[in-house]
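Note sheet for the following structure.
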Amino acid sequence: MIGSGIFISPKSVLMYSGAVGPCLLIWTACGVLATMGALCYAELGTMITKSGAEYSYLMEAFGSLVAYLYSWTTVMVLKPSSFAIITLSFAEYASAPFYPDCTPPLVVIKCLSAAAIIIITGVNCLSVKLASYVQNFFTGAKLIIIIVIVVAGIVLMAQGKTENLSNAFEGSATSFGAIGLAFYNGLWAYDGWNQLNFITEELKNPYRNLPLAIVIGIPLVTVCYVFVNIAYFTVMTPSELLSSSAVAVTFGDKVLYPVAWIVPLFVAFSTFGSANGSCFTAGRLSYVAGREGHMVKILSYISLKRFTPLPALLFNGILAIFYIIPADINTLINYFSFAQWAFYGLTTLALIVMRFTRKDLDRPVKVPMVIAGIVTLVSCYLVLAPIIDKPEWAYLYCTIFIFSGLILYFPLVYKKANWARKIMRPITMHLQLLMEVVPPEKTE
């Protein structure tokens, strides 16, 4: 869960919440919501043990059409935009030390972000083992920098640096939509809570250990995030934090001089590792959706020599580069969160629906219905509040894009048109020869 979010979201959460007090409350509430969402996913993951997470649950509860729209949106928007957001964050922190008195030029940030996408995609295409080594190294780096910031904050508070925390609710935002946007940015930092169910089949005694991991792990992350934000406010006023181009770098300059350089270095390591993790999982849904006939078959193919999902990784990387060209981080996060929370809400609604329609399914983990209801209602709020409060074209474009998948669904998936197969067969064959990839069963 700990990735780029805790280093890029504090500024946006404060901007939308308006004051220190609401900002810290939103970080805490996001942790509570992530915990409740993860508990719902624990029930779904132990009840339906298929790969594909939300895709499999939506297929089981609502049928092929909803599952297809989810796979279409995730493969085309959510996965690559997530990858783009994290690499943009990496680029901001990696370039910050070279521009000490100003914000790095946008062209530098975007070129560095594109370079990171190419390198990470290349590593993941070359070797699963190499990608896992990269992940392990950068995971260590992210934990080190979180500990450094939290410990520094505790020391400063012990020294009485609490003036920025007094009158914490002065200037709070009261806008219905602004609070929703603050939650979008806070929850982006917690993104990853929904990935726990992917490993249920590999856990020893998942019926005990999965809920235990959620109940212990996510509150610990919440405590870390709240303390990191408190640490920021011990040395920065809200206006200083909002004017900072890289919050953690400003914190390091004020607290850790003359070794302030470790902050941008380790934050860049952390975001690079997070981007690697995002890329690492990109092929999973493409494989499952391709197998069900909901995606182009070539996306589910595996490299014959390297046993990596080469087409899916390349496709994800190319789309991510397109996403960094026109947009900034905040626009991408709002665009990403709008679509993501629509599907989170549908997935927790699927849990409620299957309590009545699929009573025959074994439920080793069973959460109270009220938790699923709260997550579903909050998801509805997060999707609708920003649109009602401040309508923007981006939300309409996102909605149109999600439903534009229907144009392809009816002829290609529902009707299984022969003309489409005739067109795709030679394209698939040529791409297979070019990339040296085969259907997954051929590699076994």
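The values are calculated or read from the model by the stated rules, or taken from the named source; none is laboratory data. None of these values were measured; they are calculated from a predicted model. For neighbour counting, all protein chains shown are included, and Cβ atoms are generated from backbone atoms with ideal geometry for every residue, glycine included. Surface accessibility is based on the protein's heavy atoms, side chains included, excluding ligands, DNA and RNA. Shrake-Rupley method; radii C 1.70, N 1.55, O 1.52, S 1.80 Å.
Quick grid of which residues meet (1) in contact with a Gly (Cβ under 7 Å, 6 or more places away or on another chain); (2) more than 22 Å from Val235 (Cβ to Cβ):
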| site | (1), (2) |
| --- | --- |
| Ala152 | no, no |
| Val155 | no, no |
| Phe169 | yes, no |
| Gly177 | no, yes |
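If you scan the stretch 87-97, which residues turn out to be modelled with pLDDT of 85 or more, of a type outside the set (Phe, Trp, Tyr) and open to solvent by 10 Å² or more (accessible area, probe 1.4 Å)?
Passing the criteria: Glu92, Ala94.
Taking the stretch 1-31 as the range and being farther than 23 Å from Thr281 by Cα and open to solvent by 10 Å² or more (accessible area, probe 1.4 Å) as the test, the residues that pass are Lys11, Met15, Tyr16, Gly18, Pro22, Leu24, Leu25, Ile26, Thr28, Ala29. Pairs meeting the criteria (first residue in the stretch 142-162 and under 18 Å from Tyr257 (Cα atoms), second residue open to solvent by 70 Å² or more (accessible area, probe 1.4 Å) and at pLDDT 90 or above, beta carbons under 7 Å, at least 6 apart or on different chains) are Val150/Phe227; Gly153/Phe227. Going through (1) touching a residue at least 12 places away in the same chain (Cβ under 8 Å); (2) surrounded by fewer than 24 Cβ atoms within 10 Å (Cβ to Cβ); (3) part of a helix (DSSP H, G or I) one by one, Ala34 falls short only on (2). For the stretch 77-86, the set of residues classified as of a type outside the set (Val, Ile, Thr) and either open to solvent by less than 10 Å² (accessible area, probe 1.4 Å) or farther than 19 Å from Gln340 by Cα (or both) consists of Leu78, Pro80, Ser81, Phe83, Ala84, listed by residue number. Evaluated against (1) surrounded by fewer than 23 Cβ atoms within 10 Å (Cβ to Cβ); (2) in contact (Cβ under 8 Å) with a residue 24 or more places away in the chain; (3) assigned to a helix (DSSP H, G or I), Ser113 falls short on exactly one condition, (1). Considering (1) over 20 Å from the mean Cα position of the chain (by Cα); (2) under 28 Å from Ala213 (Cβ atoms); (3) at pLDDT below 90; (4) crowded, with 23+ Cβ neighbours inside 10 Å, the lone condition that Ala53 does not fulfil carries the number (1). Scanning the stretch 361-372 for residues being more than 21 Å from the chain's Cα centre (by Cα), part of a helix (DSSP H, G or I) and touching a residue at least 12 places away in the same chain (Cβ under 8 Å) gives a total of 2. For the criterion of being within 24 Å of the chain's Cα centre (by Cα) and within 15 Å of Ile154 (Cα to Cα), Val249 fails. Among the residues making up the stretch 323-360, those that are open to solvent by 50 Å² or more (accessible area, probe 1.4 Å) and free of Cβ contacts under 8 Å to residues at least 24 places away in the same chain are Pro326, Phe356, Lys359, Asp360. From the list Phe137, Phe183, the lone residue that is of a type in the set (Phe, Trp, Tyr) and either more than 21 Å from the chain's Cα centre (by Cα) or surrounded by fewer than 16 Cβ atoms within 10 Å (Cβ to Cβ) (or both) is Phe137. Restricting attention to the stretch 267-311, and to residues there that are free of Cβ contacts under 8 Å to residues at least 40 places away in the same chain and open to solvent by less than 10 Å² (accessible area, probe 1.4 Å), which single residue is farthest from Gly140 (Cα to Cα)? Going through the qualifying residues, I end up with Gly290.
Of all residue pairs spaced 6 or more apart or on separate chains, those with beta-carbon atoms under 6 Å, a first member in the stretch 4-27 that is under 16 Å from Met236 (Cα atoms) and a second member that is open to solvent by 10 Å² or more (accessible area, probe 1.4 Å) and among the acidic types (Asp, Glu) are Ala19/Glu170.
Taking the listed residues Tyr381, Tyr409, Tyr397, the one that is in a helix (DSSP H, G or I), open to solvent by less than 30 Å² (accessible area, probe 1.4 Å) and either over 30 Å from Tyr207 (Cβ atoms) or among the aromatic types (Phe, Trp, Tyr) (or both) is Tyr409, with no other qualifying.
Residue check: is Pro100 in a loop (DSSP other than H, G, I, E, B) and buried (at least 16 other Cβ atoms within 10 Å of the Cβ)?
Here the answer is no, as Pro100 does not meet what is asked.
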